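The values are calculated or read from the model by the stated rules, or taken from the named source; none is laboratory data. Note that the structure is predicted; figures quoted are calculated from it, not measured. Reconstructed Cβ throughout: ideal geometry from the backbone, glycine too, with neighbour counts over all protein chains shown. Ligands, DNA and RNA are excluded from the accessible area calculation, which covers all protein heavy atoms including side chains. Shrake-Rupley method; radii C 1.70, N 1.55, O 1.52, S 1.80 Å.
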Amino acid sequence: LHRQAEQTCRQLVRTQEEQECLLQAAVEQAEGLEHNLRSAEAVLAERAAQLKDAQAQLSRNKLLIEDLCEENRGFATALQVAEQKQKSYEEKNQLLEEQASALKQLIGKITPASLSG
């Protein structure tokens, strides 16, 4: 009975040692997982900050694009006005050229008549 008790005691000690080893391995694994989790959280926080910065840049770019579109509309309007003025000037120039031609013809008719008269 004494031998059996010693053997049972030794088995209990071995079982306890095995459980302590398993517990130690589980603790180490948990610490590793906790470290991995903290690393992942740090990476996610950094990525979130980058995305926030990118979002802010996109918002600034959107405002710049809207400003440029508005400015472009102003330029388009100014270009239309300039084209209309140019067309008006071309029409006036054509009229002046026709008047100048008519005056040349009239002067041509008057000059020989005054020389012969």
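Could you tell me which of the residues Gln94, Gln80 is more than 34 Å from the chain's Cα centre (by Cα), part of a helix (DSSP H, G or I) and surrounded by 10 or more Cβ atoms within 10 Å (Cβ to Cβ)?
Of the residues listed, the single one that is more than 34 Å from the chain's Cα centre (by Cα), part of a helix (DSSP H, G or I) and surrounded by 10 or more Cβ atoms within 10 Å (Cβ to Cβ) is Gln94.
Regarding Lys85, is this residue under 45 Å from the mean Cα position of the chain (by Cα) and either open to solvent by 90 Å² or more (accessible area, probe 1.4 Å) or free of Cβ contacts under 8 Å to residues at least 60 places away in the same chain (or both)?
yes
State yes or no: is Cys21 assigned to a helix (DSSP H, G or I), open to solvent by less than 100 Å² (accessible area, probe 1.4 Å) and either of a type in the set (Ser, Thr, Tyr) or at pLDDT below 95 (or both)?
no
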